[in-house]
């Protein structure tokens with residue numbers, strides 16, 4: 001009797017179902033709650049037309065990650081960078097040709 005059940009259960013699930021995946025990348029499941037629906041609606045004008053919902057979610061996630069990675073540096077770090085820049089100007093180690101800059105300024109904005 002057990003053998004009969006086993007035989008029937010094998011017939012229910014096609015053999016190919018578990019052998020191959022369409023991609024080797026991991027898949028995630030995302031529930032389209034009201035917040036996600038609002039985000040997709042807000043992003044729709046900025047995404048190419050005709051994308052599937054899953055592709056919209058993918059593109060939105062990638063754009064969001066890039067935005068988060070581009071967040072400005074903290075104030076303390078920005079102050080340190082500005083101090084380093086000011087020090088380079090004070091030491092004259094800017095790599096700029098000041099004479100060429102002055103000359104181009106005179107040509108671009110002549111004094112009347």
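Using 0.36 nm per residue of separation minus the Cα-Cα distance, give me the extension gain between residue 37 and residue 107 in nm, one decimal. Kindly include the intermediate steps, with their values, before the conclusion.
Values: separation 70, 0.36 × 70 = 25.20 nm, distance 5.52 nm.
Once the chain is fully extended between residue 37 and residue 107, it gains 19.7 nm.
I want to check the label-to-label distance for residue 59 and residue 98. Put each point 7 Å from Cα in the C-beta direction and report it in nm to one decimal.
5.0 nm
Using a Förster distance of 35 Å, how high is the FRET efficiency between residue 29 and residue 70, based on the Cβ-Cβ distance and rounded to 0.05? Intermediate values should be presented prior to the final figure.
Numbers: r = 28 Å, r/R0 = 0.80.
Calculated value: 0.80.
At a Förster radius of 25 Å, what calculated FRET efficiency corresponds to the Cβ-Cβ distance of residue 46 and residue 84, to the nearest 0.05? Could you put the intermediate results ahead of the total?
Working: r = 36 Å, r/R0 = 1.45.
Efficiency computed from Cβ-Cβ geometry: 0.10.
Name the shape class, rounded, prolate or oblate, that the alpha-carbon gyration tensor gives for region 60-112, where a ≥ b ≥ c are the square roots of its eigenvalues, rounded holds for a/c under 1.5, and otherwise prolate holds if a/b is larger than b/c and oblate otherwise. Can you show the working numbers first?
Working: a/c = 3.73, a/b = 1.82, b/c = 2.05.
Since a/c reaches 1.5 but b/c is at least a/b, the shape of region 60-112 is classed as oblate.
Readers should treat all values here as calculations from the given coordinates under stated rules, not as data from a laboratory. The model shown is predicted, which means the values in this text are computed figures rather than measured ones. Glycine also receives a Cβ, built like all others from the backbone with ideal geometry; neighbour counts cover every protein chain displayed.
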